[in-house]
Every structure is written in structure tokens, then in C-alpha cells.
Amino acid sequence: MLSKISKEALLGPLSRNNPVIVQVLGICSCLAVTAKLEPAIVMGISVTAITAFSNLIISLIRNTIPNNIRIIVQLVVVAALVIIVDQVLKAYNYEMSKALSVFIGLIITNCILMGRLEAFALSNKPWPSFLDGIGNGIGYAIILVVVAFFRELLGSGTLFGIQVIPQAFYEMGYSNNGLMILPPMALVTVGCIIWWHRSRNKDLQEQ
Amino acid sequence: MEELNLFIKSIFIDNMIFAYFLGMCSFLAVSKNVKTAFGLGIAVTFMLVVTLPINYLLDNYLLKPGAMQWLGEEFATVDLSFLALIMFIAVIASMTQLVEMAVEKFSPSLYASLGIFLPLIAVNCAILGCALFMQQRDFGSAWTATVYGAGSGIGWTLAIVGLAAIREKLAYSNIPKPLRGIGITFILTGLMGIAFMSFLGIKL
């Protein structure tokens, strides 16, 4: 059903060409929203939707965009999509929209979007571009969820706000590691994920 | 006095990199040597100082609910705040283009050394982030917004120059192979972030 290029576009970003840990794009938002699982998942879904549709739109009009104003055109398309997502979140999940504060707006400057538009959508047909957007969005979401999982589990002992570490542990003297909640530990967690990922994929290692 | 407090606070306590993780992509990509890192830091600071007051004026005289009152009573109910994102990014993108042309004309050597990073400032989240924080915090005047921009920019420069200096030295150390390059940079940034958190308790 999928041609080779579409398959690569969809599955490549999940691991071998992951936007966060291999291409090093979209770090900012990835770190700030991962203290809890729930905002991380909402953020992942929003970014996936926006990447997919902005890739599709830019790819559809790629032959009519003059080269020297393409950055502004791309930003306008992305900004319009982000505004839609922002308004939808405000309407249906106001609490979440408050918790994510400026980071939904900052999806505009998320480098994954610009990076994929420049690298893929401008030179490929709409359908593979759409799949590339979905693949990269999901690749980003996976990292977000993994980081948030560890930070929430170790930092507050909960998952999705539900207590998972039994009370008996606390009575035996276990306590939550408050450091995990603090933003710098997100960076260290991502660093460890990169470590694990690169020891599995030796050809990605740098000299 | 209040401005001075805000200035120091935005450099150290509300540091764009270590407290909010903004402008991380170029922070990690351009911190390989101190000289380029410093150049980019200056460019970002300059952009913040130029775009923040413009965005402040736009926000207060065009976008906020009731901001258009100066046009006449019938405009008092107009609320264009949902357009804020698109306006801010348009200002930033066009200013980047202008600054790029000016730098190319007046200082070709700086232009050559900054290369691709100059246009990339348009998508540096620190600049849009600053504009959004400014909107959230309701500053009193365009001058306060400028001071906030300058402070945030200098804080950003400080962070990137610090990281670049460490990475230059890091070339001599023996790091596990899978961790080399970007991996260790993440962990380093995390540790620097923890160090910067010691400023958190300071009340100004």
C-alpha cells in the first residue's frame, strides 16, 4: 500500500532518524512540558497534527512559493495552524491550555516544523510529506512520553496523576526525588536516552 | 530601580535557557566554539531589544481587548488578541530580514562569520518566547519591555558562551563513545541548569 519513500518517511523518524535525539530539533518545548505525562501527550498530539498538516499545505503550494519569501510563507501557514490548535484547546480543555501556557504558541518556532518543511515538504509530493509530518510528530511524541514517564514516576510517584508507588514503600523510607521535577533533570534524562539509543545504533556515534 | 531589578532578574533568575528552555536548538547547535557562540548571542540580544518594544506597542495599541480605543469609541470593544501569535512572528521574521540586510551591507565580515544562523534567529524560540512572556506579565511601558529584552538576551549570551567554553575544553576528555557530541552536551546543560537554580532563592 505504501511505496518505499512513503514508508521511509513514516517509519524513519520513529527511531533511526528521530527528530529529537538524532536531528536535535524541537528541544525547547520537549523539555518544558515533560514534568507530567498528561501535558506531554497533549503536546505530542498537537505537534503531530500541526507538522502533518503544515507539511501537506506547503507541499501542495510548493511550486508557487517564490524562493526568497518562503520562510515568511512557511511561518504564516504554521502560525495559522497553531492558532487553530490553541483555540481548540482553550475551548475544550481550558485547564490543559493553562498548564501548557506559552508552549503551545511556541510550536510556531519549534524547529521540527521548519526543519521538516525545508528538508522534506519543499521537495516532495503531498502524500509522502503528510506521512513524513506524522512520522516526525510521533517520533517527537515518543521521546516526550518517555521523558515524562520517568520524570513523573520518579519525581512524584504518580502516572497520569494516579499514585502508582505503593504507600508501603514510603513507610519503609522511600521518598520522591524532587530533583526530577525540576527542569534541568529533563535535559539529563534526554541525555541518557541519547546514550542508550546511540549504544544500540553504533553508526550514529560521533567522533 | 524597578527596571534594574527586572534586568538582573531576567539575566540570572529567569534565564531564558536554564529556567525556561527557550532557544535550545541553536544553543546546542552553535555552541562548539566561543567566538561564534558570542556572535550569535549578540545577534539574539540585538533582535530582542529591537523586536520587544515593537511587539509591546503592537500588543497595547492594536491587539489587546479595548486597545484600539485611541481610534474612537466604536473600536473600544474590538478584541484582536487571537492574532497576537501571527503578528509577533511577522514582526520577528521581517526584522530578521532587515537586520540581515543591514549586517550584510555594513559589516560583511560579521555577516560571513554568522552565516546561516542569522536567518535562523527568526525561529529562535527565545525571541518569540520573550514576546509571549511580555504579553503575560503586562509590563507598564515599552521601556520596561526593552529592559526585559536586553536582560533576557544577555542571559542567553552568558549561557551559550559558558557552554561553548566548556565544550572547547571537553575535546580533551575521554567520554564514553555513545555519549560523545550531543549526548554529553545535554547532560552538561542540565548540570549548568542546576547551578543556575541556586539563584532562585534570591528576592529582588
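Laboratory data are not the source of any read-out in this text; all were calculated from the coordinates shown. All figures in this text were calculated on a predicted structure; none of them were measured in a lab. Quick reminder, even Gly has a Cβ in these numbers, built from the backbone with ideal geometry, and neighbours come from all protein chains shown.
For A:LEU159, the residues whose amide H sits under 5 Å from its own are A:VAL164, ignoring neighbours fewer than 5 places away on the same chain, with H placed 1.01 Å from N. Of all lysines in the structure, those lying under 17 Å Cα to Cα from B:LYS35, and not within fewer than 8 positions of it along the same chain, are B:LYS169. Tell me the relative contact order for chain A as a rounded percent, counting alpha carbon contacts under 8 Å between residues six or more apart. Normalised by residue count, the contact order of chain A is 36 percent. A dipole drawn for chain A from +1 and -1 charges on Cβ atoms has a positive end, and of A:SER199, A:THR158, A:ALA119 the residue lying farthest that way is A:ALA119. Residue by residue, the stretch A:146-160 carries 3J(HN,Hα) couplings of 4, 4, 5, 4, 5, 5, 6, 5, 7, x, 10, x, 10, 9, 6 Hz when phi is fed to the Karplus relation 6.51 cos²θ - 1.76 cosθ + 1.60 (θ = phi - 60°); x denotes Gly or Pro.
Two tests apply to each whole DSSP H helix in chain B, Cα reach of 18 Å or more along its axis and mean Kyte-Doolittle hydropathy of at least 1.6, and the ones passing both are B:34-58, B:182-196.
The Cα trace of the stretch B:2-201 gives Rg and Dmax of 18.7, 69 Å, the first to one decimal, the second as a whole number.
Residue pairs exceeding 29 angstrom between C-alpha atoms, taken from A:LYS90/B:LYS9; B:LYS32/B:LYS105; B:LYS64/B:LYS105: A:LYS90/B:LYS9; B:LYS64/B:LYS105.
By count of other Cβ within 10 Å, fewest leading, how are A:ASP132, B:ASP59 ordered? Walk me through the numbers before you get to the answer.
Details: A:ASP132 27, B:ASP59 22.
Ranking A:ASP132, B:ASP59 by Cβ neighbours within 10 Å, fewest first, gives B:ASP59, A:ASP132.
Shielding of A:108-118 by partners, i.e. mean partner chain Cβ atoms within 10 Å per residue? Write down the numbers at each step before the final one.
Numbers: counts 8, 13, 3, 8, 1, 1, 4, 2, 0, 0, 0.
That average works out to 4.
By the count of other C-beta atoms within 10 Å, a proxy for reagent exposure, B:MET24, B:MET68 are ordered fewest to most as B:MET68, B:MET24.
May I ask you to compute the full-extension gain from A:ILE69 to A:VAL88, defined as 0.36 nm times their residue separation minus their alpha-carbon distance, rounded to one decimal in nm? Spell out each step's value before the answer.
Numbers: separation 19, 0.36 × 19 = 6.84 nm, distance 2.93 nm.
3.9 nm is the gain from fully extending A:ILE69 to A:VAL88.
Charge dipole of the protein assembly as shown (Cα centre as origin; +1 on each Lys and Arg Cβ, -1 on each Asp and Glu Cβ, all else neutral): 1360 debye, rounded to the nearest 20. Distance from the Cα centroid of the stretch A:1-70 to that of the stretch B:1-63 is 26 Å (rounded to whole angstrom). Using a simple spin-label model with pseudo-atoms 7 Å out from Cα toward Cβ, B:LYS203 and B:MET101 lie 5.0 nm apart.
Look at the alpha carbon pairs under 8 Å that are at least 6 residues apart: their mean separation over the length of the stretch B:2-201 gives a relative contact order of 42 percent.
Rounding to the nearest 20 debye, state how big the charge dipole of chain B is about its Cα centre with +1 on each Lys and Arg Cβ and -1 on each Asp and Glu Cβ.
1100
Across peptide B:12-24, what mean number of C-beta atoms from other chains lies inside 10 Å of a residue's C-beta? It would help to have the intermediate numbers written out before the result.
Numbers: counts 0, 0, 0, 0, 1, 1, 3, 3, 7, 13, 9, 3, 11.
Mean inter-chain Cβ contacts per residue within 10 Å come to 4.
Which number comes out as Rg/Rh for the stretch B:11-125 once both Rg and the Kirkwood Rh are worked out on C-alpha atoms? Numbers along the way, then the final one.
Values: Rg = 17.2 Å, Rh = 16.0 Å.
So for the stretch B:11-125, dividing Rg by the Kirkwood Rh gives 1.08.
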